[in-house]
Structure formats: structure tokens, C-alpha cells
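Right, one structure below, let's go through it.
The values are calculated or read from the model by the stated rules, or taken from the named source; none is laboratory data. Just so we're clear, the structure is a prediction, and the values are computed from it rather than from any experiment. Every residue, glycine among them, receives a Cβ derived from its backbone with ideal geometry; neighbour counts consider all protein chains shown.
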Amino acid sequence: MAPVQMMAFGVLAAVVLIGALWVVILKNLFRAALSLGLVLLGVAGLFILLEAEFLAFVQILIYVGAILTLVVFAIMLTARLQTAPEASASRQIVPAAVASLGLFVVLAAATLPLTWPSAPSAEAIPPAALGRQLIGPLALPFEVISLVFVAAIVGAIAVASPRRPQDSSH
């Protein structure tokens with residue numbers, strides 16, 4: 001890897017890690033969702049560094065464009081339902097941090113001695129062939145997923161809409 005690529009990887013890795021930390025730490029749910037968008041964009045940048053431009057495009061289009069938008073809409077539609085006061089800081093933060101660090105040490109110790117085989121270079125699929133595959137046999141699953149998204153949005157609107165009292169005079 002060239003020094004510029006190593007520096008870009010370091011910056012993108014830092015963006016992903018800091019954004020992921022913000023997703024977990026921030027108490028404001030809307031800001032946490034925006035931090036998730038930062039993480040997803042950072043992952044798209046990592047895909048570009050891996051020369052997987054199509055995956056980067058799909059990451060931005062589907063995850064940042066669709067999923068994150070759905071999450072933000074759900075937060076905005078259900079914001080009125082969140083009337084509970086904010087909880088104080090948990091007493092479990094220190095034990096959770098110790099457990100997380102311990103798990104990291106165990107996983108790092110288990111994976112560092114492994115020798116990883118180099119992946120054979122895969123032949124690139126032309127975008128036209130990929131498009132034909134997506135439009136042909138995979139069109140039905142994409143349509144089913146879109147119906148699930150529509151149902152989720154309708155459900156979020158139904159849950160967030162104010163209840164009107166029933167008029168018993170009719």
C-alpha cells in the first residue's frame with residue numbers, strides 16, 4: 001500500500017471508530033443516527049480504498065440513502081412518544097468497559113497468531129451483467145423489500161399519529 005493510501009485508511013478508520021463510539025455514547029437519538037451516517041460513509045470510503053467501487057456506491061445508496069433516511073424518519077415521527085425523562089449515567093459503564101476490553105484482548109490473542117491465506121484475485125463482474133442479474137431473477141426480492149420498507153413507514157406513522165377520541169354521539 002502506498003503511503004497516501006495508508007494515511008487515507010488511518011483517517012477513514014478513525015472516522016468509523018469515532019462515529020461508532022458516538023452512536024453508542026450520544027444521548028440524543030437524532031445525533032446518534034447522524035453519527036451512524038458518518039460511520040456508513042466511512043465504510044464506503046474503506047470500500048473505495050479496497051477498489052470495490054460498486055460496493056461503495058451500494059453502501060451510500062442503500063445504507064446512507066435509504067436505511068438511514070428511514071431511521072431518521074422513524075426518530076422524527078416517534079419523538080413525541082418519548083416523554084420519559086433522560087436516565088442518569090448507568091453504574092454499569094466501568095464493568096462494561098472492562099468486559100469489552102477483556103473480550104478484545106481474548107479475540108486479538110486468538111487471531112494474531114493465525115496465518116491468513118492471500119485471496120485469489122477475483123475476476124471483476126461487468127456492471128451490465130450485474131444489472132441484468134438484478135433486474136431479472138432478483139427483481140422480486142427487491143420489490144418485496146420495498147414493500148417491507150413501505151409497511152415500516154406506515155407503521156411508524158400509525159404509531160406516531162395522535163389518537164383522536166371517538167365521538168359517541170353517532
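Checked against the criterion of being surrounded by 16 or more Cβ atoms within 10 Å (Cβ to Cβ) and out of contact with any strand residue (DSSP E or B) (no Cβ under 8 Å at 6 or more places or on another chain), the candidates 61, 77 yield just one match: 77.
The single condition among (1) part of a helix (DSSP H, G or I); (2) under 24 Å from the mean Cα position of the chain (by Cα); (3) not acidic (Asp, Glu) that residue 102 does not satisfy is (2). Is one or more of the residues making up the range 24-42 in a helix (DSSP H, G or I), within 13 Å of the chain's Cα centre (by Cα) and loosely packed, with under 14 Cβ neighbours inside 10 Å? There is at least one residue in the range 24-42 that is in a helix (DSSP H, G or I), within 13 Å of the chain's Cα centre (by Cα) and loosely packed, with under 14 Cβ neighbours inside 10 Å.
Taking the stated definitions as given, is residue 73 more than 17 Å from residue 29 (Cα to Cα) and touching a residue at least 60 places away in the same chain (Cβ under 8 Å)?
No.
Tally time: how many residues in the range 1-47 are basic (Lys, Arg) and touching a residue at least 40 places away in the same chain (Cβ under 8 Å)?
Initial filter on the range 1-47 (basic (Lys, Arg)): 27, 31.
The next check asks that each one be touching a residue at least 40 places away in the same chain (Cβ under 8 Å); those that pass are 27.
Residues that pass the stated criteria total 1.
In the set (1) more than 30 Å from residue 126 (Cβ to Cβ); (2) at pLDDT below 90; (3) not acidic (Asp, Glu), residue 67 fails one condition alone, (1).
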